[in-house]
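Only one structure is covered here, and it is reproduced in the block below.
The values are calculated or read from the model by the stated rules, or taken from the named source; none is laboratory data. Quantities reported herein were computed from a predicted structural model and do not represent experimental measurements. Glycine also receives a Cβ, built like all others from the backbone with ideal geometry; neighbour counts cover every protein chain displayed.
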Amino acid sequence: MAHKVAVIIAAGGRGRRMGKSLPKQFLPLAGVPILRRTITLFDALPEVREIIVVAPHGHIRRVKRLAERAHLRKKWSVVSGGKERQHSVWNGLRRVGESMTLILVHDAVRPLVTAKTVHAVIRAAQEYGAAVAALPLKDTVKLEGEKGFFTSTLKREGLWAVQTPQGFKKELLIKAHRSAQRKNFIGTDDSSLVERLHVPVRIVPGESRNLKITTADDLGVATIFAKSARKR
């Protein structure tokens with residue numbers, strides 16, 4: 001039986017590294033707000049039944065207006081973010097409908113992920129319970145020691161740069177979050193919470209275009225990708 005998929009879009013960050021007064025998820029990318037691009041991408045996928053957007057404090061109305069103007073076809077809602085990204089995802093998870101059985105968590109500022117990657121994560125999460133999009137590291141990785149000097153070089157083999165979406169069976173993700181809450185554990189992403197339960201996470205090949213827009217340089221690169229896709 002096919003899983004019913006809900007997407008939690010983590011848009012609760014303030015984006016201070018962008019150097020703008022407006023959080024980065026609201027900035028235009030090739031003329032379209034980043035967050036709107038992300039929302040409409042998931043709205044177009046037939047597997048997705050619900051979209052929950054986690055918004056930063058003080059921007060709930062802005063996100064609701066943005067969603068309304070997008071004329072979304074799927075059921076959607078907006079919730080307030082928490083202190084940490086993990087808290088924000090939990091707020092979104094609590095809003096997910098009872099009938100949903102599989103959860104995708106995606107960064108709002110990764111608006112260029114393709115449907116192909118999302119489909120692959122959904123399929124892997126259905127089969128293995130947990131799956132993430134990721135890219136193998138290409139650069140040499142070094143370990144920093146004291147006073148700003150490198151002390152050793154790490155082997156690249158087996159090292160991956162994790163992206164989103166990350167997909168999980170709903171009950172597994174809830175269990176992972178509750179376990180982290182009991183231990184006051186804050187992870188860097190949702191898959192790190194699942195790993196604490198000794199559940200292996202399936203790797204799904206990601207894409208270089210699925211970059212996380214964090215700085216002005218990232219926005220420039222993403223603009224090139226977006227314009228190139230539009231021409232095709």
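Observations on the structure shown:
- Taking the criterion of being closer than 26 Å to K83 by Cα and within 15 Å of the chain's Cα centre (by Cα), the residues of the range 179-212 that qualify are G187, T188, D189, D190, S191, S192, L193, N210, L211, K212.
- Selection of strands (runs of 3 or more DSSP E) fully inside the range 131-232 by the criterion of at least 1 residues being of a type in the set (G, A, S) returns 150-154, 160-169.
- Looking only at the range 114-130, residues that are assigned to a loop (DSSP other than H, G, I, E, B) and aliphatic (A, V, I, L, M) come to 0 in all.
- The range 126-162, residues that are closer than 22 Å to T38 by Cα and touching a Ser or Thr at 6+ places or on another chain (Cβ under 8 Å): A130, V132, A133, L135, V162
- Scoring I224 on the criteria (1) free of Cβ contacts under 8 Å to residues at least 24 places away in the same chain; (2) within 23 Å of E98 (Cα to Cα) leaves a single failure, condition (2).
- Residue check for I174: touching an Asp or Glu at 6+ places or on another chain (Cβ under 9 Å) and β-branched (V, I, T): no
- Residues being within 14 Å of the chain's Cα centre (by Cα) and surrounded by fewer than 24 Cβ atoms within 10 Å (Cβ to Cβ) - total across the range 158-173: 2
- Contact annotation: residue pairs with Cβ atoms under 6 Å, 6 or more positions apart or on different chains, pairing a residue in the range 133-156 that is within 25 Å of L211 (Cα to Cα) with a partner that is hydroxyl-bearing (S, T, Y) and surrounded by 12 or more Cβ atoms within 10 Å (Cβ to Cβ), are A133/T117.
- Criterion (surrounded by fewer than 17 Cβ atoms within 10 Å (Cβ to Cβ), more than 17 Å from the chain's Cα centre (by Cα) and among the hydroxyl-bearing types (S, T, Y)) met by exactly one of T215, T223: T223
- Listed by first and then second residue, the pairs with beta-carbon distance under 8 Å, at least 6 apart or on different chains, first residue in the range 169-196 and aromatic (F, W, Y), second at pLDDT 95 or above, are F185/S179; F185/L193; F185/R196.
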